[in-house]
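Step one of this worksheet: look at the structure below.
The values are calculated or read from the model by the stated rules, or taken from the named source; none is laboratory data. All values derive from a computational prediction rather than experimental measurement. Glycine also receives a Cβ, built like all others from the backbone with ideal geometry; neighbour counts cover every protein chain displayed. The protein model used for the area step is the full one, side chains on, heavy atoms only, and it has no ligands, DNA or RNA in it. Shrake-Rupley method; radii C 1.70, N 1.55, O 1.52, S 1.80 Å.
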There are 4 protein chains.
Amino acid sequence: MFISKNPDFVATIHEKLKGQHFMNHIGFRITRIEAGEVEGEIELTNFLKQQNGFLHGGATATLCDLVAGFAAFTLVEKGSTVVTVELKISYLNPGTASKIYARGWVLKTGNTLSFCEAEVWSEENGNKIDIAKASTTMAKVIIPA
Amino acid sequence: MFISKNPDFVATIHEKLKGQHFMNHIGFRITRIEAGEVEGEIELTNFLKQQNGFLHGGATATLCDLVAGFAAFTLVEKGSTVVTVELKISYLNPGTASKIYARGWVLKTGNTLSFCEAEVWSEENGNKIDIAKASTTMAKVIIPA
Amino acid sequence: MFISKNPDFVATIHEKLKGQHFMNHIGFRITRIEAGEVEGEIELTNFLKQQNGFLHGGATATLCDLVAGFAAFTLVEKGSTVVTVELKISYLNPGTASKIYARGWVLKTGNTLSFCEAEVWSEENGNKIDIAKASTTMAKVIIPA
Amino acid sequence: MFISKNPDFVATIHEKLKGQHFMNHIGFRITRIEAGEVEGEIELTNFLKQQNGFLHGGATATLCDLVAGFAAFTLVEKGSTVVTVELKISYLNPGTASKIYARGWVLKTGNTLSFCEAEVWSEENGNKIDIAKASTTMAKVIIPA
């Protein structure tokens, strides 16, 4: 559906991941990278919880930001990166499962801006439990040489 | 401006903070609690950064969620809590200072829903640097006895 | 997918439409009503345009609000209505075609709140042109007897 | 607070207003134009209402889009215009007064993007009734010569 301007986008993302301190700190792993779509997962460790034992809303927003941002990043040319302009997240159900999944995808990409969405979910007894849905704008930024 | 339905809201919040694993993990401290308004701060430690060394957008959203949620929580009666329905955050400037501040406040509170806002900023040479602004809906939930 | 609490929801919506002054004024017609999903269309008449001849962003938001609100409304029991708590809209492409379509659907419905989405599009040479995507929270309100 | 790149921004806006079909159609009047801030008002005529007699949420969003967009537009150089990237609106109270006011202002303006906010309100017995608050991203577009 989308054609990347960077033929090595998978390698470029793996390189970029090394410096993602916050992502690595919370233990989020990217499991799938395609042009315009990125998926990953995280264990619901204790420190990610709010006071009721659910995945913290801020951690949920972090997952959305990560997968949507990487989804936009798959499409830009080498030497550019993307930053989040804004993100809106709706909290559909509490995140209680031991493993949480996140997927981000590009709705539309232009010269500078990309509109993306993201979803966070878990799986219980074969059913998908929707935890959150996000809508976001990403902007391409050319990295100074 | 706002009158809390919980005369002990400061003590109630301090009690609630103990279970805030994610907030405590990232080192966020509440520094001011008033009816309808809460303020706090955090050190920009390395693990909170994204790949360019800035405060991660997900961490920024977490700060907004915390202060806005606590601001709404100051106004509800004992035995109730608040959950985040949705949150939108706009990223105004990168967060680069060693100390980051966040403030949340209630715009309007009703029987169930509270509309809140939050801002995240730093201070450099006496100037306020706006890092993010958020708008959020919080819902009151009665805690089962 | 969704089961309505109102077996007569199609008739109830048609009754409700009569009082929808703004919707009727701009000429929006509902073309499909199902449990949790509503679709409609509008002609891009001159007064709906902004200065470049495109569908005005406010009119686009109006279409999203209408179809998302009606989608939520299909699911509530008789004697209740829904109001929009908040709506976020992303503008993907300018709306230039003579006929504009809108579809709203429910992501999740709870006791009080429904999370909905909406899209606005046109069709040109058999291709779907995405004009806007919206995410919204609707709240059920019991109509006083 | 903001310095416009267009010394004639007031005249430029008045010129731009002529082509604002939807704005003129609903009867919205700009009453104040400053660098980074625009205010206006509208009569709550019958066709702007939803089924309960309140200002329609789509009309409310339209007012926010207009004043925020014009606020951003005051700051860009001649030959450029602004388009709405995204807009989020929270509905605080129903709009029931005969006259409705709207104000938009710029939070931060960059090379391409401006972050703006808008509020819609009425006045009853000397009190300000908050109807809606919006947060929006505007993008500068260079008009082809």
Being assigned to a strand (DSSP E or B) and open to solvent by 50 Å² or more (accessible area, probe 1.4 Å) is the filter here, so list the residues in segment C:23-38 that pass it.
C:Arg29, C:Thr31, C:Arg32, C:Glu34
Among the listed residues B:Phe47, B:Phe2, which satisfies the condition of being modelled with pLDDT of 90 or more, assigned to a loop (DSSP other than H, G, I, E, B) and at negative phi?
B:Phe2
Among B:Ala139, B:Ala102, B:Ala72, B:Ala134, the single one that is without any contact (Cβ under 8 Å) to a residue 60 or more places away in the chain and either open to solvent by less than 30 Å² (accessible area, probe 1.4 Å) or within 13 Å of chain A (Cβ to nearest Cβ) (or both) is B:Ala139
Would it be correct to say that B:Glu86 is under 25 Å from A:Val141 (Cβ atoms), part of a strand (DSSP E or B) and modelled with pLDDT of 95 or more?
no
Just name the residue that is surrounded by the fewest Cβ atoms within 10 Å (Cβ to Cβ) out of those in segment D:110-131 that are at the interface with chain B (Cβ under 10 Å from one of its Cβ atoms) and closer than 29 Å to D:Ser80 by Cα.
D:Gly110
Failed item, numbered, when B:Val10 is tested on (1) within 14 Å of chain A (Cβ to nearest Cβ); (2) assigned to a helix (DSSP H, G or I):
(1)
Quick one: would you say C:Ala61 is closer than 30 Å to A:Asn127 by Cβ, crowded, with 17+ Cβ neighbours inside 10 Å and under 15 Å from the mean Cα position of the chain (by Cα)?
no
Is it the case that D:Val67 is aliphatic (A, V, I, L, M), at pLDDT 95 or above, open to solvent by less than 50 Å² (accessible area, probe 1.4 Å) and part of a strand (DSSP E or B)?
no
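This table checks each residue for (1) facing chain B (nearest Cβ under 8 Å); (2) over 29 Å from A:Gly126 (Cα atoms); (3) open to solvent by 10 Å² or more (accessible area, probe 1.4 Å); (4) aromatic (Phe, Trp, Tyr).
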site: A:Gly40; (1), (2), (3), (4): no, no, no, no
site: A:Asn46; (1), (2), (3), (4): yes, no, yes, no
site: A:Val76; (1), (2), (3), (4): no, yes, yes, no
site: A:Asn93; (1), (2), (3), (4): no, no, yes, no
Enumerate the pairs (first residue in segment C:16-28 and within 7 Å of chain D (Cβ to nearest Cβ); second residue anywhere and among the hydrophobic types (A, V, I, L, M, F, W, C)) with beta-carbon separation below 6 Å, excluding pairs fewer than 6 apart on the same chain, so at least 6 apart or on different chains.
C:His21/D:Phe47; C:Phe22/D:Leu48; C:Phe22/D:Ala59; C:His25/D:Phe47
Scanning segment B:1-19 residue by residue, those open to solvent by 100 Å² or more (accessible area, probe 1.4 Å) and farther than 20 Å from B:Asn111 by Cα turn out to be B:Glu15, B:Lys18
